[in-house]
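What follows is a short report on a single structure.
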Amino acid sequence: MKLHLLKSKIHNAIVTSGDLEYEGSITIDSELLDMVEMIPNEKVLVVNNNNGERFETYIIKGAHGSREIQLNGAAARCALPGDEIIIMTFALIDREEALEHKPMVLIVDRNNNPKRRHHIGEEDELLA
């Protein structure tokens, strides 16, 4: 049996812009992606802390160090620039592996600069 578990998340990210004309997706700074082990085209669940909106889309790799979090297409209607969001990925994991699995969490500041990173249940790695 496989279980659907949280793989990684970027917590407290701030939406920097939106592009309604794009086909859809979320553009994320590639440095942040690397820090939390997310990859382009990976499916994400996004939660808007300002209005409670939840939606799924996929990742587009943004410029390294840009701190960009841009919503594209229909997703741009789900959060405005300045809104705080949580971006989560999930994985199908065998039950035995799931018992030991610890998701990676990256916490960013109001400018999307990395502050802390940790696996859930382990000590934080301070980044700032």
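Considering helices alone, the calculated mean residue ellipticity of the chain at 222 nm is -2000 deg cm²/dmol, with DSSP H runs of length four and up weighted by -39500 (n - 2.57) and normalised per residue.
How many angstrom separate the Cα center of segment 70-94 from the Cα center of segment 6-27? Taking the Cα centre of each part, segment 70-94 and segment 6-27 sit 4 Å apart.
Accessible surface calculations at 1.4 Å, restricted to protein heavy atoms, place the chain at 55 Å² per residue.
Once every Cα of segment 35-77 carries one equal point scatterer and solvent is ignored, give the base-10 log of I(q)/I(0) from the Debye formula at q = 0.15, 0.18, 0.20, 0.34 Å⁻¹, two decimals. Listed by q, the Debye log ratios stand at -0.41, -0.60, -0.73, -1.32. Using a Cα distance threshold of under 21 Å, what count of lysine pairs results for the chain when pairs must be 8 or more residues apart or interchain? Close lysine pairs under the 21 Å cut-off: 14. Just the protein heavy atoms count here, and of the accessible area of the chain at 1.4 Å, carbon and sulfur take up 48 percent.
Just to confirm a number: summing +1 for Lys and Arg and -1 for Asp and Glu over residues other than Arg77 whose beta-carbon lies under 13 angstrom from that of Arg77, what do you get?
Charge balance near Arg77 sits at -4.
The 3J(HN,Hα) values that the Karplus relation (6.51, -1.76, 1.60; θ = phi - 60°) gives for segment 6-21 are, in residue order, 4, 9, 7, 8, 10, 9, 6, 5, 10, 5, 9, 6, x, 9, 5, 7 Hz. Gly and Pro appear as x. Full extension of the segment from His64 to Leu127, taken as 0.36 nm per residue of separation minus the current Cα-Cα distance, would add 21.0 nm. The mean sequence distance of close C-alpha pairs (under 8 Å, at least 6 residues apart), as a share of the length of segment 14-93, puts its relative contact order at 48 percent. A simple charge model with +1 on the Cβ of Lys and Arg, -1 on the Cβ of Asp and Glu and nothing else charged puts the dipole of the chain at about 220 debye relative to its Cα centre.
Mean-square fluctuations from a GNM of the chain, with a 10 angstrom spring cutoff on Cα atoms, peak among Arg110, Arg95, Arg77 at Arg95.
Each of Ile120, Val36, Gly18 was scored by the projection of its Cα onto the charge dipole of the chain, and the greatest displacement toward the positive side belongs to Gly18; charges sit on the C-beta of Lys, Arg, Asp and Glu. The radius of gyration of the Cα set in segment 1-97, together with its Dmax, comes out at 13.3, 44 angstrom. Each listed q (0.11, 0.17 Å⁻¹) maps to a log10 I(q)/I(0) for segment 47-118 from the Debye sum over equal C-alpha point scatterers, namely -0.36, -0.81.
The values are calculated or read from the model by the stated rules, or taken from the named source; none is laboratory data. Keep in mind that what you see is a predicted model, and the values were worked out from it rather than measured. Please note: Cβ atoms are built from the backbone with ideal geometry, for glycine as well, and neighbour counts cover all protein chains shown. Note: accessible area is taken over every heavy atom of the protein model, side chains too, but ligands, DNA and RNA are not part of it. Shrake-Rupley method; radii C 1.70, N 1.55, O 1.52, S 1.80 Å.
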